[in-house]
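Let me begin by presenting the structure, written as structure tokens, before commenting on it.
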Amino acid sequence: MMFGGINSAGASIDAMKHGEASDILLPNQTERVQKVAVDIGGSLAKVVYLTSGPRSQGGRLHFTAFETDNVENCVAFIRSLLDSSSQASTVPDQDQDQDQGDDSDSQSSGQSGHAPVIMATGGGAHRFRDLLSRELGVEIRVEDEMESLTAGLNFLIREVADEVFTYSEDRPM
């Protein structure tokens, strides 16, 4: 099944954790698509992004977070994602050195010659919209947080087979 340009047939949770959250494996994703989205709240900026496997064999949804007080680290990470996507190279690790300098010419122009679009939710999407757009050379499309949450949960429930997602106030994340 296609979900926002992503072939989610056979999607599953990666048994190995890569950071704080498990990745979602997309074994039938063959098209290279640029997908980056961010939810910026009062304390955390959460980023989800898609990478393609070697020779476009499968894909992987990754999840990572940054403290909103250090939003510049989040911006640098997204810049590295856009740069690596435009060069069709590997995606950098979050723990990699974040110092990107002032090289605004390295910003991705997207596959169709238009500026890439990043979906953003949360109060910080409005607060940091101009910063993200200016620093990344992208269009920031602010979306309703509850609608995005509902769409994301629908994706997980319908497309990721045999998985159960729970929340506990004792162990929030």
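The values are calculated or read from the model by the stated rules, or taken from the named source; none is laboratory data. As the structure is a prediction and not an experimental result, all values here were calculated from the model. No Cβ is skipped: glycine too gets one built from the backbone with ideal geometry, and neighbour counts run over all protein chains shown. Protein only, heavy atoms only, side chains kept; ligands, DNA and RNA dropped before computing areas. Shrake-Rupley method; radii C 1.70, N 1.55, O 1.52, S 1.80 Å.
So ARG32 fits all but one of (1) open to solvent by 20 Å² or more (accessible area, probe 1.4 Å); (2) part of a helix (DSSP H, G or I); what number is the exception?
(2)
When you scan the range 125-166, how many residues do you find that are modelled with pLDDT under 95, closer than 29 Å to ILE13 by Cβ, more than 16 Å from the chain's Cα centre (by Cα) and open to solvent by less than 90 Å² (accessible area, probe 1.4 Å)?
Of the residues in that region, 6 qualify.
Within the range 35-49, how many residues are open to solvent by 50 Å² or more (accessible area, probe 1.4 Å), more than 12 Å from the chain's Cα centre (by Cα) and of a type outside the set (A, V, I, L, M)?
So the count comes out to 2.
Select from the range 50-85 the residues that are touching a Pro at 6+ places or on another chain (Cβ under 9 Å) and within 25 Å of VAL160 (Cβ to Cβ) and write down the one among them that is most open to solvent (accessible area, probe 1.4 Å).
Among those residues, the one meeting the criterion is GLN57.
Examine the range 89-108 for a residue that is modelled with pLDDT of 60 or more and open to solvent by less than 70 Å² (accessible area, probe 1.4 Å), and state whether such a residue exists.
No - not one qualifying residue is present in the range 89-108.
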